[in-house]
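Below: one structure, written as C-alpha cells.
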There are 2 protein chains.
Amino acid sequence: MPELRKDPIAHRWVIIATERAMRPNDFPAVPIPPVKGFCPFCEGNEDKTPGEILAYRPGHGAPNTKGWRVRVVPNKFPALQVEGNLDKRGIGIYDMMNGIGAHEIIIETPRHELSSTPLSVGETQDVLWAYRDRLIDLKRDRRLAYGLIFKNVGRAAGASLEHTHSQLIATPIVPIRIREEMEGSDRFHQYRGRCVFCDIISQERGGGQRVVEENPHFLAFAPFASRFPFETWIIPTMHVSHFESIQKPEVEALAEIMKSTLTRIERTLQNPAYNYIVHTAPLNTGDLETFHWHIEIIPRLSSIAGFEWGTGFYINPIPPEDAAKFLREMSPAK
Amino acid sequence: MPELRKDPIAHRWVIIATERAMRPNDFPAVPIPPVKGFCPFCEGNEDKTPGEILAYRPGHGAPNTKGWRVRVVPNKFPALQVEGNLDKRGIGIYDMMNGIGAHEIIIETPRHELSSTPLSVGETQDVLWAYRDRLIDLKRDRRLAYGLIFKNVGRAAGASLEHTHSQLIATPIVPIRIREEMEGSDRFHQYRGRCVFCDIISQERGGGQRVVEENPHFLAFAPFASRFPFETWIIPTMHVSHFESIQKPEVEALAEIMKSTLTRIERTLQNPAYNYIVHTAPLNTGDLETFHWHIEIIPRLSSIAGFEWGTGFYINPIPPEDAAKFLREMSPAK
C-alpha cells in the first residue's frame, strides 16, 4: 500500500511508494564529462570574471590575482542588478517592481574540482564563512529582503560551469516557499508553543530510522515527507533562525557533516547531479522563535514530471527510511 | 533592467529578464526519436493494458477489443490504489494516511501519434469528454478530494510511453498549489468582490499583448508572471470553477483552441517536450465563486534549477509579451 505523508512544516503531501520501492542502482549514473576548455573560475584566470567582491587571501595578495582560497564575484549574467530603485508599481491588477538585487558566485576553490567533496574540511569551512560574510554584508542594503544561497552540481541540476561554486541571489522579496515554511512554522508555534523544526529534530533523533549522520551541532536526515529520492536535510540541533548567526564551532561541525553527507550521496548514487539550498530567515528580520535554518540537499535523479511542480504534489519512489539506511551505511571515509 | 512580477493569484514572484531576452531559436530542438518497439496503447493491443474503465466505441464493440476512439485504463504501475481505507493516523508530529486514490491513463487515439495535435478537432473533443466523464464518475467516491488531469509529452517532460496519452490521478487531498490558488483567489474575492481570474481575463483581453488566441468561449494567453518561457494558459472566458461542468459548445471551442495553441507551440519551438495540467476546483465542493478552472501549458525548454523549485522563485528569460507575440504570429493552419 503506498503511503500519503504530510510535511509538518509546509503541509504539502507526498506519495511514498512502499511496494515497488527503488534502490540506488535503479537510477542510471550519468558520468561527469571530461574537463575540456577554458575555466574562468580557475586560479590564474581572475581577469576573466567581474572584479571580486570578497576573497580570502592568506598571503594578503592584491585583489583579482592568484593566491586566494575562496573568491566571490558578481555573476557575469546576473538575474538581478544592484543599481537602481525598486520603483514598486501596479499595472491594472498586476504588481511589479524593478529587478533590484544581487547575484553573486562563490568560487569554492582555486582548483578545478567538479564537486565540493574533494575540498578539505578546512577549505569547506572557508566556503561557509564566505556564505556568512556575504549575507552579513547584504543585510545592510535595506532594499533586500532575502539572501538565497544555493548550489547546482551537474548539468541536470542546472549548472552551466563545472568548477565547483555556489550562488547567492539577494532579492527584495521573500521567496514563496520560504514564506510558506515560515507561515506553517508560525501556525505550529501558535498551536503548540514550540518550533516545529525543533520538534522534528527531537523526533528524528529519538527514532533514528531516517538519520543519516549526527554530530554535536548538526543532524543530517531524510525528511518524513521527502519529495525526492535521497532528499537530505542538514539542520542545526540548537534553535537558530538565521544562517548568518553561525558561530565558529558550528562552522567546523557543519563543514564536517556537509563533506561527509555529500560524500555519502555521491558514493551511493555514483556522482549524481544535485542541488542544495540554504533555507534561512529573511535578511531584514531579527531572530525568530518560529524559524530554524537548514540546508536541503536534492539529488536530481529523475526528471520531475510536470504535474509535480505544477501541483506541489510529489511521488517519491524511495521511502526516506530506505534512503537514509543506504546513506548511513555508506562510508564517507577517504 | 530585469523586472520582478507578482502572480496575482498565488502571489509568487518571478524574475523576467528583459534585456538579454531569448528567442525561440535559443532553445535547441530535441528531435523526437523514431518509433520503435511494441506499444501497448496502439489499437489491437488492448490485452496488454489493464482492462478498460471507459471507452468510446462508435461501433458498440466489446470492451478491450479494437474499434475505440478514446480508451481509459488504470495505470499499470499506479501511484495510488483504489482498494482500502484511508486510515488517517499520526506518528508523533507527523500525519499520514494510506495511498488511496485512482491513477488512470487516457489513451487519446488508437493510432500511434506522438502528440495530440495530429488529432482532428472531433477526436480532441472526445479526449475532453473523457476527462469530464472520468471526473464525474470519480466524484461519487467520497474518499477522493481532487481529480488531477495532466499530460506529459516527451521524455524531458516525464513521459515514459510516447503514444499520446493523458493521466488522471485522483487523491484524497487537494494538492498544495491548487489550495494556494484557491486561497489567493479567496483573498482577492474578499478584498475586491470579484474573481481574480475573471479580472485577469478582462485585463488581458483589453491589453492584448499577452494574448495568443481567443474564441467565443476561451482565451489562450501568456500569464503576466509566467514562470517558464512560453508558459501558456487556456481559460474559459465565462466564470466556472469545475472543469466537469463543461457544456457541449465549450467542449467544441476548447478542442479548437487546444489544438491550435499546442500546434503554435510545437511549430514555434520545434516539437518541445511539454506538460499541461488542468487546474480545476476540488471534486468534493459545489460551484465556487472564487475559483475558475484553466489549463496551464508548460514547455520544458530548460532544466529547472534547484533553487527554482526549492524556493518557488523563478527566472524566466523570455518576457511573456514576446512569447505571446511569437505564438500569435505562428500559423496553426494545416
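Bear in mind that the values in this text are calculations on the coordinates, not laboratory data. What you see is a predicted model; the values in this text were computed from it and never measured. Backbone-built Cβ (ideal geometry, glycine too); neighbour counts: all protein chains shown.
Along the positive direction of the dipole of the protein assembly as shown (beta-carbon charges: Lys, Arg +1; Asp, Glu -1; about the Cα centre), which of B:106, A:67, B:173 reaches farthest? Farthest towards the positive end: A:67.
With the simple spin-label model, which puts each label point 7 Å out from Cα in the Cβ direction, the residue A:141 to residue B:160 separation comes to 4.5 nm. Taking +1 at the Cβ of each Lys and Arg and -1 at the Cβ of each Asp and Glu, which of A:249, A:274, A:218 sits farthest along the dipole of the range A:205-277 towards its positive end, judged by Cα position relative to the Cα centre? Comparing the listed Cα positions along the dipole, A:274 ranks first.
Given the pairs B:36/B:76; B:66/B:259; A:325/B:151; B:66/B:334; B:76/B:151, which span a C-alpha to C-alpha distance of over 27 angstrom in this model? Spell out each step's value before the answer.
Details: B:36/B:76 21 Å; B:66/B:259 25 Å; A:325/B:151 34 Å; B:66/B:334 29 Å; B:76/B:151 17 Å.
Cα-Cα > 27 Å for A:325/B:151; B:66/B:334; rest within.
Label-point distances for residue B:58 to the equivalent site in the other copies, using a point 7 angstrom along Cα→C-beta, read 7.9 nm when ranked shortest first.
When A:210, A:57 are arranged by Cβ crowding within 10 Å, least crowded first, meaning fewest neighbours, the order is A:57, A:210.
Using Cα pairs under 8 angstrom and six or more residues apart, how large is the relative contact order of chain B, in percent? All intermediate terms of the calculation are to be shown ahead of the outcome.
Working: 676 pairs, mean separation 71.8, N = 334.
Contact order relative to length: 22 percent.
For the range B:241-278 and the range A:96-139, compute the distance between their C-alpha centroids and round to whole Å. Between the Cα centre of the range B:241-278 and that of the range A:96-139, the gap is 43 Å.
Sequence-distant contacts, meaning Cα pairs under 8 Å at least 6 residues apart, place the relative contact order of the range A:130-180 at 38 percent. The dipole here belongs to chain B: it is taken about the Cα centre, uses +1 on the Cβ of Lys and Arg and -1 on the Cβ of Asp and Glu, and is about 300 debye.
Averaged over the residues of A:166-177, the number of partner chain Cβ atoms lying within 10 Å of the residue Cβ comes to 4. Each of residue A:56 and residue B:56 was given a label point 7 Å from its Cα along the Cα-to-Cβ line. The distance between the two points is 6.5 nm. Between residue B:194 and residue A:76, the FRET efficiency estimated from the beta carbon spacing at R0 = 60 angstrom works out to 0.85. Under 5 Å between amide hydrogens, built in the peptide plane, is the criterion, and for residue B:12 it picks out B:7 among residues at least 5 positions away or on other chains. Take residue B:215, project a point 7 Å from its Cα along the Cβ direction, then tell me which residues of the range B:260-287 have their backbone nitrogen under 12 Å from it. In the range B:260-287, the label zone of residue B:215 (backbone N under 12 Å from the point 7 Å along Cα→Cβ) covers B:260-262. Shielding by partners for peptide B:88-94, expressed as the average number of C-beta atoms from other protein chains within 10 Å of each residue's C-beta, is 5.
When the Cα positions of B:86, B:237, B:209 are compared along the charge dipole of the protein assembly as shown, B:209 comes out farthest toward the positive end, with charges on each C-beta of Lys, Arg, Asp and Glu.
Rounded to the nearest 0.05, the FRET efficiency derived from the C-beta distance between residue B:183 and residue B:45 at R0 = 60 Å is 0.85. For residue B:160, the point set 7 Å out from Cα toward Cβ sits 3.4 nm from its twins in the other copies, listed from shortest up. Closest approach to the axis carrying B onto A, counted by Cβ on chain B and given in whole Å with its residue, is B:309, 3.
Going by C-beta contacts inside 10 Å, put B:129, A:233 in order with the fewest on the left.
Ranked by crowding around the Cβ, least crowded first: B:129, A:233.
Inter-label distance, residue B:333 to residue B:133: 3.5 nm, where each label sits 7 Å from its Cα along the C-beta direction. Here the range B:14-329 is treated as a Stokes sphere of Kirkwood radius computed over C-alpha pairs; at 20 °C and 1.002 mPa s its diffusion coefficient rounds to 104 µm²/s. In this structure the amide hydrogen of residue A:95, modeled in the peptide plane, comes within under 5 Å of the amide hydrogens of B:6, none closer than 5 places in sequence on its chain. Computed over the range A:215-334, relative contact order equals 38 percent, with contacts defined as Cα pairs under 8 Å that lie 6+ residues apart.
Label-to-label distances for residue B:199 across copies, nearest first, come out at 3.5 nm, using points 7 Å from Cα in the beta-carbon direction.
Set the Förster radius R0 to 60 Å, insert the Cβ-Cβ distance between residue A:121 and residue B:238 as r into 1/(1 + (r/R0)^6), and round the FRET efficiency to 0.05.
Details: r = 63 Å, r/R0 = 1.05.
After rounding to 0.05, the efficiency reads 0.45.
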